[in-house]
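The values are calculated or read from the model by the stated rules, or taken from the named source; none is laboratory data. Worth saying up front: this structure is predicted, and the values here are computed from it rather than measured. Cβ placement follows ideal geometry from the backbone for every residue including glycine, while neighbour counts extend to all protein chains displayed.
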């Protein structure tokens, strides 16, 4: 009798536990499919990756990327605006399914969350018009280069520029942009986001990337222990690179082509 009672209790316990265990095994992909919505944290104050448009809706590279992933998952997208300080906590506490917020990868973050493959370029480099041929630091010889004083690109450029390069330093990005637009400098050393801001003004000579100073591409942030979800996001990114959709987003918001090695 005791054996029969014990067996019945075990069977009841399994009936309760197994459905929950199956759901956990299915993970985020099943939860998102069941809800019909992908919740994504995006920047709200960092154009061109994320900002609020004139119609008060979110817009930018990361917003378009969130919509692309949701579309390929066959669900709606819910945009959740975040700041840089709360974007990872929103993910780890379950407020969002993904972080697509110009997120760079480092060891500290990798201890807390997982990352997709890179989906967007984020780098510092030297930019200039098409008619100036420069492919490395040595090519700056005899040329005038504008840079924002004290920036990463200023520090790095100072290390590698030839002695006869004329580096002109400005107090902020607006000063650097104005110097390029007015022809005070031949080239600028800056971030691709600042270059995008210059391109947006539609100048006669657009700043094309010449060579890289420092590279830190953007990745999608995911919760730990979601290998199926991570693999699916990587698959979507790979297809979007191949079929031209990521190139279109880069051209739309950054005004440049995706780097070949992204």
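Of everything in segment 32-75, what is modelled with pLDDT of 95 or more and surrounded by fewer than 13 Cβ atoms within 10 Å (Cβ to Cβ)? Give them in sequence order. 34, 36, 74, listed by residue number. One residue stands out in segment 246-255 among those that are within 15 Å of the chain's Cα centre (by Cα) and touching a residue at least 24 places away in the same chain (Cβ under 8 Å): the one that is nearest to residue 208 (Cα to Cα), namely 254.
Within segment 186-205, is even one residue over 30 Å from residue 115 (Cα atoms), outside the structural domain of residue 75 (by TED's automatic domain parsing), in a loop (DSSP other than H, G, I, E, B) and at pLDDT 95 or above? Scanning segment 186-205 turns up at least one residue that is over 30 Å from residue 115 (Cα atoms), outside the structural domain of residue 75 (by TED's automatic domain parsing), in a loop (DSSP other than H, G, I, E, B) and at pLDDT 95 or above.
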